[in-house]
Amino acid sequence: MKYRAIIFDLDGVICHTDKYHYQAWKAVADKLGIYFDEAINNRLRGVSRMESFEIILERYEGAMSEDEKVRYAAEKNEIYKELLKNMTPGDLSPEVKDTLDALRWAGAKLAIGSSSKNARFILERLGLDGYFDAISDGNNITNSKPDPEVFVKAASFVGEKPEDCLVVEDAKAGLEAAIAGKMDCAAIGDAVKCGLADYNLETFADLKKVAE
């Protein structure tokens, strides 16, 4: 294997929860009378919850205290978690599971590097509870992407040097975080357009060729 460990973002890579994020933020934005659409939602990819709310508040005409911001962000998360209960192992594509199994069989350590504080719950809903060798998420970091902290900690959790790890990301902020952490990175989905990655994946299964 070219890499000793592979670190995956969760949302948009292992699974797709964009629609749930959108519905939850839309509910809060509507309550506050703030215009919110899918283009704005796309700007929130890979960004922490509070930073996401600050982006939404760019269109807010009133004033809001920090306590109110925390309360509305928490309200969004409660809505989001309720929506996540709709997820099942059927939401994990066979291609993703087969590729993960092949990488593990070939000897790679597998880790999650996600800004989400709901990563473990999502993995449980997908039937991947306990599957990854390590999980670095929004519960153990201070700085969200593009800061490299979440990936640096993931590498540390699996006992590997950054240069021996490959990061798989679907967002520009995630690629920037990987680069800042001195890790190679593979882009999938919208991240391919950024031109920042060492590898551009057309499909998740392409990872098997990249990591050989």
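The values are calculated or read from the model by the stated rules, or taken from the named source; none is laboratory data. Everything numeric in this text was worked out from a predicted model, so none of it was measured. Virtual Cβ from ideal backbone geometry, glycine too; neighbours counted across all protein chains shown. Only protein heavy atoms, including side chains, enter the accessible area calculation; ligands, DNA and RNA are left aside. Shrake-Rupley method; radii C 1.70, N 1.55, O 1.52, S 1.80 Å.
Count of segment 151-164 residues, restricted to those that are under 11 Å from Phe8 (Cβ atoms) and either out of contact with any Gly (no Cβ under 7 Å at 6 or more places or on another chain) or surrounded by fewer than 24 Cβ atoms within 10 Å (Cβ to Cβ) (or both), is 0. Within segment 130-142, identify whether any single residue is touching a strand residue (DSSP E or B) at 6+ places or on another chain (Cβ under 6 Å) and part of a helix (DSSP H, G or I), and answer yes or no. Within segment 130-142, not a single residue is touching a strand residue (DSSP E or B) at 6+ places or on another chain (Cβ under 6 Å) and part of a helix (DSSP H, G or I). If you scan segment 64-75, which residues turn out to be outside any helix (DSSP H, G or I) and surrounded by fewer than 12 Cβ atoms within 10 Å (Cβ to Cβ)? If the condition is that a residue be outside any helix (DSSP H, G or I) and surrounded by fewer than 12 Cβ atoms within 10 Å (Cβ to Cβ), then Ser65 is the only one that fits. State yes or no: is Val210 in contact (Cβ under 8 Å) with a residue 12 or more places away in the chain, open to solvent by less than 10 Å² (accessible area, probe 1.4 Å), touching a strand residue (DSSP E or B) at 6+ places or on another chain (Cβ under 6 Å) and not in a loop (DSSP other than H, G, I, E, B)? Against the criterion (in contact (Cβ under 8 Å) with a residue 12 or more places away in the chain, open to solvent by less than 10 Å² (accessible area, probe 1.4 Å), touching a strand residue (DSSP E or B) at 6+ places or on another chain (Cβ under 6 Å) and not in a loop (DSSP other than H, G, I, E, B)), Val210 does not qualify.
With the structure loaded, tell me whether Lys153 is among the basic types (Lys, Arg) and either part of a strand (DSSP E or B) or within 25 Å of Val28 (Cβ to Cβ) (or both) or whether it fails that test. Judged against the criteria, Lys153 is not a match.
Out of Tyr3, Tyr35, one residue alone is of a type outside the set (A, V, I, L, M), open to solvent by 70 Å² or more (accessible area, probe 1.4 Å) and assigned to a loop (DSSP other than H, G, I, E, B). It is Tyr35. Of everything in segment 38-58 that's open to solvent by 40 Å² or more (accessible area, probe 1.4 Å) and at pLDDT 95 or above, which residue is nearest to the chain's Cα centre (by Cα)? So, considering only residues that are open to solvent by 40 Å² or more (accessible area, probe 1.4 Å) and at pLDDT 95 or above, the one nearest to the chain's Cα centre (by Cα) is Glu54. In the set (1) assigned to a helix (DSSP H, G or I); (2) open to solvent by 20 Å² or more (accessible area, probe 1.4 Å), Glu61 fails one condition alone, (1).
So, in segment 86-125, of the ones that are of a type in the set (Gly, Ala, Ser), part of a helix (DSSP H, G or I) and touching a residue at least 60 places away in the same chain (Cβ under 8 Å), which residue ends up surrounded by the most Cβ atoms within 10 Å (Cβ to Cβ)? That would be Ala119. Name every residue in segment 126-145 that is open to solvent by 60 Å² or more (accessible area, probe 1.4 Å) and closer than 20 Å to Ala5 by Cα, in order of residue number. Correct list: Asp129, Gly130, Asp133.
Of everything listed in (1) farther than 24 Å from Lys81 by Cβ; (2) open to solvent by 20 Å² or more (accessible area, probe 1.4 Å), the single unmet condition for Leu175 is (2).
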